[in-house]
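Read the structure below first, then the notes.
The values are calculated or read from the model by the stated rules, or taken from the named source; none is laboratory data. Here the structure is a predicted model, which means the values were calculated and not measured. Note that we place each Cβ from the backbone using ideal geometry, even for glycine, and neighbour counts take in every protein chain shown. In case anyone asks, the SASA skips ligands and DNA or RNA and just uses the protein heavy atoms, side chains included. Shrake-Rupley method; radii C 1.70, N 1.55, O 1.52, S 1.80 Å.
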Amino acid sequence: MLVAAFAYASVGHGGASAYIAALALAGAAPAQMRPIALLLNILVSAIATWKFQRAGYFRWRLFWPFAVVSIPLAFVGGAIALPGHAYKVLVGVVLVYAAWQLWRSARAGEEMREVREPPIARAMAIGASLGLLSGLTGVGGGIFLSPVLLMLGWAGTKQTSAVAAPFILVNSVAGLAGGFAMRAASVPTYIALLAAAVLAGGWFGAEYGSRRFANPLVRRILAVVLAAAGAKMIFV
């Protein structure tokens with residue numbers, strides 16, 4: 001959890017996909033994976049939000065079209081309790097996708113040459129889908145938002161991290177609130193130990209990432225772990 005928080009916070013992410021992967025490999029109950037991941041996500045993404053904003057990379061114009069519609073839909077998604085098998089398959093697919101993105105990003109590092117403003121309507125449509133997926137699975141949505149921003153030329157790497165962090169934060173809060181509102185969420189007593197680990201890793205990771213790029217080797221190791229956990233969720 002500590003290593004995952006460090007690696008993810010360094011690129012402005014909360015680390016929920018890695019937390020779910022660790023919980024899956026440890027045999028945790030599917031019903032507890034989502035609230036645990038969202039809660040830890042909130043802690044780490046809050047730190048990353050502050051660090052990247054303090055470094056001067058945050059852009060409100062880039063953030064709000066995605067967030068304004070994602071928040072209510074993340075709440076709705078968090079209130080939906082999927083059947084155990086359906087949840088495991090959906091999360092397994094998300095983990096495999098996250099592993100692929102991490103492996104690809106290990107080679108990234110340069111800022112984009114040209115950045116343009118995203119069309120508001122298109123950004124809101126993307127934000128809506130990511131918000132619902134965030135609430136359903138227990139990930140903050142940053143693992144999907146970041147490649148969209150980069151591939152469409154809407155942000156450079158540092159700006160992407162600075163927008164992904166608060167996007168993850170607000171969606172994680174909304175998803176967790178939705179789960180508790182519908183009594184679809186509960187957390188175990190050992191959550192305090194996990195929180196301490198991700199706070200430490202997230203603090204140093206965000207400090208490191210807001211000033212330089214994360215170690216590619218760490219991302220590749222995490223990618224392998226996520227892929228293994230995703231395969232376990234889908235096939236076991």
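To the nearest 10 degrees, how steeply does helix 191-209 sit against the main Cα axis of the chain, on a 0 to 90 scale?
10
Expressed as an acute angle from 0 to 90° and rounded to the nearest 10, what is the orientation of the C-alpha long axis of helix 84-105 relative to the principal long axis of the chain?
Tilt relative to the chain: about 30 degrees.
Test of understanding: what is the full-extension gain from Ala81 to Phe180, defined as 0.36 nm times their sequence separation minus their Cα-Cα distance?
Numbers: separation 99, 0.36 × 99 = 35.64 nm, distance 1.11 nm.
Extra length available between Ala81 and Phe180 comes to 34.5 nm.
Pull out the extension gain between Ala192 and Trp100, defined as 0.36 nm times the separation in residues minus the alpha carbon to alpha carbon distance; nm, one decimal.
On the way: separation 92, 0.36 × 92 = 33.12 nm, distance 3.02 nm.
Once the chain is fully extended between Ala192 and Trp100, it gains 30.1 nm.
If only Cα atoms are counted, what is the Rg of the chain, and what is its Dmax, in Å?
15.9, 48
List the lysines whose alpha-carbon lies under 30 Å from that of Lys51, not counting same-chain residues fewer than 8 positions away?
List returned: Lys158.
Mind grabbing the base-10 log of I(q)/I(0) for segment 1-131 at q = 0.13, 0.14 Å⁻¹? Debye formula, identical points on the C-alpha positions, no solvent, two decimal places.
Values, matching the q order: -0.66, -0.77.
Taking the Cα centre of the chain as the origin and placing charges on Cβ (Lys, Arg +1; Asp, Glu -1), which of Pro30, Val69, Ala231 is farthest toward the positive end of the dipole?
Checked the options; the winner is Ala231.
What's the angle, to the nearest 10 degrees (0 to 90), between helix 157-181's Cα axis and the longest principal axis of the chain?
Around 30 degrees separate the two axes.
Enumerate the calculated ³J(HN,Hα) couplings along segment 124-138 in order (Karplus 6.51 cos²θ - 1.76 cosθ + 1.60, θ = phi - 60°), each rounded to whole Hz, writing x wherever the residue is Gly or Pro.
5, 5, 5, x, 4, 5, 5, x, 5, 4, 4, x, 5, 9, x
Might you tell me the accessible area per residue for the chain, computed with a 1.4 Å probe and given in Å²? Walk me through the numbers before you get to the answer.
On the way: 9970 Å² over 236 residues.
For the chain, the solvent-accessible area averages 42 Å² per residue.
Would you look at the GNM of the chain, springs on alpha carbons closer than 10 Å, and say which of Ser210, Ser17, Ser105 moves the most?
Ser105
Give the carbon-plus-sulfur fraction of the accessible surface of the chain in %, rounded to a whole number; probe 1.4 Å, heavy atoms of protein chains only. Kindly include the intermediate steps, with their values, before the conclusion.
On the way: 7020 of 9970 Å².
With neighbouring chains kept in place, the figure for the chain is 70 percent.
Can you tell me the length gained on complete extension of the stretch Trp60 to Phe235, counting 0.36 nm per residue apart and subtracting the Cα distance? Show your work: numbers first, answer last.
Details: separation 175, 0.36 × 175 = 63.00 nm, distance 4.13 nm.
Gain in length upon complete extension: 58.9 nm.
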